[in-house]
1. Might you tell me the accessible area per residue for the stretch C:78-188, computed with a 1.4 Å probe and given in Å²?
2. Which residue, chosen from B:GLY164, B:ALA4, B:ILE214, occupies the Cα position most advanced towards the positive end of the dipole of the protein assembly as shown, where the dipole is computed from +1 (Lys, Arg) and -1 (Asp, Glu) charges on Cβ about the Cα centre?
3. Please list the non-local residues whose amide H lies under 5 Å from the amide H of B:ILE374, H modeled 1.01 Å from N, same-chain partners needing a gap of 5 or more.
4. Roughly how many nanometres apart are two label points built 7 Å out from the Cα toward the Cβ at C:GLN305 and C:MET163?
5. With each pseudo-label sitting 7 Å past Cα toward Cβ, what's the B:THR372-B:ILE170 distance in nm, one decimal?
6. Label chain B by shape, choosing from rounded, prolate and oblate, from the square roots a ≥ b ≥ c of the eigenvalues of the Cα gyration tensor; if a/c is under 1.5 it is rounded, and otherwise prolate applies when a/b is larger than b/c, oblate when it is not.
7. Extending each Cα 7 Å along its Cβ direction at C:VAL291 and C:TYR270, get the distance between those two points in nm, one decimal.
8. What aspartates and glutamates could a cross-link reach from B:LYS330, if we take a straight Cα to Cα line under 18 Å and drop same-chain neighbours fewer than 8 places away?
Amino acid sequence: MTLLSADHMSGGYGGPDILFGCSIEVDQGEVVVIVGPNGAGKSTAMKAIFGMLHLSAGSIVLNGHDITAMPPQARVQLGMAFVPQTNNVFTSMTVEENLEMGAYLRRDDFRDSMEQVYDLFPILKEKRQQAAGELSGGQRQQLAVGRALMTEPTLLMLDEPTAGVSPIVMDELFDRILEIKQTRIGILMVEQNARQALEIADTGYVLVNGENRYTGTGQELLADPEVRSTFIGG
Amino acid sequence: MAYATDLLHAFLWTFNFLLLPAITYGSALALGALGVTLVFGILRFANFAHGDMMAFGAMVSLIGVELLNHFGIFTYPFPAGLLVLPVAMLVTALLAISLDKTVYGYYRRIKSPPVVLVMTSIGVMFLLNGVTRLIKGADLTPFNDRRIFAFDSVDPAALIDQLGKAAVQIKTDFSTQAKTVQVTEPEYVFFSVGAFKRATGLEEGFGLDLIQVIIIVLAVAIFLGLYWFLARTRSGKSMRAFSDNEDLALLSGIDPQRVVLITWIIAGSLAAIAGTMYGMDKGYKPFTYFQMLLPIFAATIVGGIGNPQGAIVGGYLVALTEIGITANYKKVANYALPDSWEVAGNLQLLGTEYKFSVSFLILIIVLLIRPTGIFKGKVL
Amino acid sequence: MKTFQRYWIVFGLLAALIVLTGFVQSWSIALSLLTVGLISAIITLGLNMQWGYAGLFNAGVMGFSAIGALACVLISMPWVTAAMLQTLDVMLADPATNATAIEKLQKDIPRRFLAEGQMLAAWLIGAASALVAWGANRVLRDRLPGGRRLLISLVILGIGLVMFTSRFDAATSVIESTGFADNSKYMGGLGLPILLAWIVGGFLAAGAAWLIARIALGLRSDYLAIATLGISEIVISVLKNEGWLSRGVLNVTGLPSPIPTATALQEVPYEMARDASLIVNKLLFIAIIMVFLVFFLWLAHRALQSPWGRMMRAIRDNEEAANAMGKDVVKRHREVFILGSFLLGVGGAMLATNVLQFEPGGYQPLRYTFLIWVMVIVGGSGNNLGSVVGGILIWFVWIQAEPIATGLFALLSAGLLPDGSELAQTLLDRAPQMRTLIMGVMLLVVLRLMPRGILPEELQRK
């Protein structure tokens, strides 16, 4: 079932366009990865899907709803969760409070969700009363993802989740992402570490200069010599 | 044994002239700083109009008390200012909200830099300055100022029963032969310095009146209440989140308009409380509240911007330092040191005229050495 | 050309206001308004440099101007002890009548000499102990941990402080209790011409700015505002309390005037009528101020057009980029801060000369610093002529708001309230408070509708 369909997006941050007719699709329980060289518009595409910039053309449909004109807060309420690359935790609040904030919009009892997050990221349970600012980089990323999961999303969007973390932490993070995938949440990820990301991807989109250049399964793209030469080497 | 008494004297002097005034003054500063730090942390600008908002709140309370008294209602021993305080809080909160809707909110919407908001707050400061002085004047007015009634509009006997003979005077105007009843409601004193000295036979003592106790109790109650609100309620946590990371808070679905509304309600209420309490203790004079702006900023920055615990600690710290550095320690030294080392002249680090300079000095030192303050607030 | 038109219209309106005041109230009042308006223009120009060119939020205008005004006292007032000597000489001509005065002078003058020597010694000791403490800190840096070094420094400073204070207090108690007539209770000055004092005042203020810039210029704008506000409060506190320096709250009156006073004009050889003398005196003063103002405007204009000015604006518009390009932003900011403060000092000196007295109690942040800020914003931040407009217009409104409000309230209460009612009287008493209200409304309206001010910056680039 198609969870998200972003069709022919064009737009920018108010100046010249950065995206030129870019299209992304995510199915339920699918891991979709967006890769590409620097400046290709990967983060921009994700921010466009989340509604953080104005599109001059294109449409975005989530779970059958046309959300093209909706502000980000409304998209959160429809099941979209976004984890920014930086500044993605409340550093002055405890781990547990961060998760509570994730569940801000929920009116039901979210303790089950919190237990699930703790099961997924045991280190967070250990440090639940500690201030988020005291966590290491990798732990913070886990908390950021956990906060997003507290919204009970249908689509989880991650902007370069492994930026600046060690390879071990990166592997661990990707393992977790695969666990999350088991719960039928759709996962859309922008990644700089293309090779590792494509290895776990069901679908990969290679963006160059704001356009879709190559699309395929993760394995297909990894095997494609053209794709490799475009940037995986560099 | 004599030395022990001397030490007791030294302690009593310190308590009466240093600690007690520092606690009452510090409570006003702490409450003021709480309001400023919330606005600083959530709305991200230095609100120069906060002092005059305190004056406004105090003014409303004063008018309320005058109104009660006008109808012959005297609430002694209970200070009437406390009774009308909720009204003052409401009015001041409404003022804060309407100021946001008409002035500050616009600049937030167009994402103006914080400096522009500060300029606007200076405009609001001028405005409130003029309004408070227009309505109630600029002179020092005690909350229990003398009230004058026509002779047949009140019952002097009942008033004397309630307030004591010293409080009620019947005067006859020489030329018109009109009789008036003049009432000055006393302040309830638990015991005076003199009474303490007489009772204990000591040379030093301290006094305690109801207003001082109320100030301390009320301040503590508010600190606890605010702490509970911020730490345990969903709304309070959402405000902390908003102050911590605005973008992420918006992403979490926190409604910015609601946060702003609650912030101004709290800031306005705190201003009213601080202003009224200080006014009940020292009398209402609008200029005093403007003067307090800088010690309040000092307290806010010393404690760490956006940090409520910091604001409280900062308030008391600034008050203690201000009073401590300008106090005349001659007596304490004479009590504590051997007799042969008697101090004849004054033992003051700085003259009392430099009281406000002290808090500015603290402020500047903190800004230079440790701008995040004691509790590592934000450096915006 | 729309630009020129705007300038003409605005200045024309200002002139009309002044002329109207002259006819309706009096020419003396109109010229007084214009004088202080022009001086305010100079002060606003200085602040505008700091804000408009460099984005520095200086909320300590009051302090810098007070320092400039202090120069008038330190440079142009006579040395009190010397004045006492002169008076003694004069008195000795007629010893019989002046016996008591002579006796007092003969007793006090040597005491003062001694006290002044003590004062000098006190400052030298203070400076020496600071130096020793600093030196000890440097020398011991490698030998002792920070805490112990600090302790040693504090002990040295403590000893120095005690030695300083004992001499200082002894000296000030003598100085502040001796003197003759108006030359009393303070040290006095060098007795040099007052126009020199204006320039020295500028340099003193600039010097203070240099010091403050070293300390506080790294702070973000609203922090800088709070810091500068605090510093200026400290400056004013010192001026109000150190009687030996400038008589504190007793004020120094009788500053020498650079032009003949009105009284002098009424006597030989001018022999003018009273009204005429007032007007001529004011016109002469305005002429001198205009010379300075025009010079400063020309200087500011040249500075703006110069490569330095362009760089300043580039830095203000995009500090990060400028930093990345290697421009020393902090140094440039410091330069602007110091330059602007020079003008603040000169303006302060002019204000004191205008009333021929130095009155530290009159420097209140609301009536001073913040009022100048309204002048900058309303006039047009970043525009030099805007500062002139702001200075004259806002000062005009500030002063005229009182009589206008009083008149309005009187009219209203005459129409609506019974005669002699308490409310009517209270309203009339409170009318002056409308000033701050009007100022507040003006600032808020301008910030909302004309945020660039009456003469926006863009105009002057054309």
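The values are calculated or read from the model by the stated rules, or taken from the named source; none is laboratory data. In this text, all values refer to a predicted model and were calculated from it rather than measured experimentally. As a convention, Cβ positions derive from the backbone with ideal geometry for all residues, glycine included, and neighbour counts pool all protein chains shown. SASA here: full protein model, heavy atoms, side chains in, ligands and nucleic acids out. Shrake-Rupley method; radii C 1.70, N 1.55, O 1.52, S 1.80 Å.
1. Heavy-atom SASA per residue in the stretch C:78-188 reads 61 Å².
2. Value: B:ALA4.
3. B:GLY303, B:GLY304
4. 5.7 nm
5. 7.0 nm
6. Judged from the Cα gyration tensor, chain B comes out oblate (a/c at least 1.5, b/c at or above a/b).
7. 1.6 nm
8. Here the aspartates and glutamates satisfying the reach criterion relative to B:LYS330 are B:ASP6, B:GLU203, B:GLU204, B:GLU322, B:ASP339, B:GLU342, B:GLU353, C:ASP169.
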